[in-house]
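Q: My questions will all concern the structure given below.
The values are calculated or read from the model by the stated rules, or taken from the named source; none is laboratory data. This is a predicted model, so every value here is computed, not measured. Here the Cβ is made from the backbone with ideal geometry for all residues, glycine too, and neighbour counts use every protein chain on show. In case anyone asks, the SASA skips ligands and DNA or RNA and just uses the protein heavy atoms, side chains included. Shrake-Rupley method; radii C 1.70, N 1.55, O 1.52, S 1.80 Å.
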Amino acid sequence: RPGEVTLAHRGVLFLDELPEFSRTALEVLRQPLEDREVTIARSRAVFRFPAHFLLAASMNPCACGYYGHETDDHLCQCSPQQIARYRTKISGPL
């Protein structure tokens, strides 16, 4: 059955909170973006689904969301190491 990537064919696939997705799931998106199709191989058949879409995503600057936007009520609780780890969930090519 077609998934979200195929359902977004000729449209926009929006991923909110991008670093919250697993790195594996994000890396798998690279192939449909390049090939403009999803290929699923099963024991008896190979299925190809169209996947020509625009990928748009959003993310916070850190896990708590307040880095660089602190107020008296909300202070960033993340260490520099946590911020770096949060941002490295997204690969350079993506």
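Q: So which helices (runs of 4 or more DSSP H) stay within the range 1-59 end to end and still have 1 or more residues that are more than 29 Å from Ala84 (Cβ to Cβ) and β-branched (Val, Ile, Thr)? Working first, answer last.
A: Details: elements: 4-7, 23-28, 30-35.
So the answer is 4-7.
Q: Go through the range 28-43 and give me each residue that's surrounded by 14 or more Cβ atoms within 10 Å (Cβ to Cβ) and either of a type in the set (Lys, Arg) or within 10 Å of the chain's Cα centre (by Cα) (or both).
A: Leu29
Q: Ok, one more. Please find, within the range 44-81, the residue that is modelled with the highest pLDDT out of those that are polar (S, T, N, Q) and open to solvent by 80 Å² or more (accessible area, probe 1.4 Å).
A: Here is the first cut: in the range 44-81, the residues polar (S, T, N, Q) are 58, 60, 71, 77, 79, 81.
Next, only the ones that are open to solvent by 80 Å² or more (accessible area, probe 1.4 Å) stay: 77, 81.
Working: Gln77: 90, Gln81: 95.
Of everything passing the filter in the range 44-81, Gln81 is modelled with the highest pLDDT.
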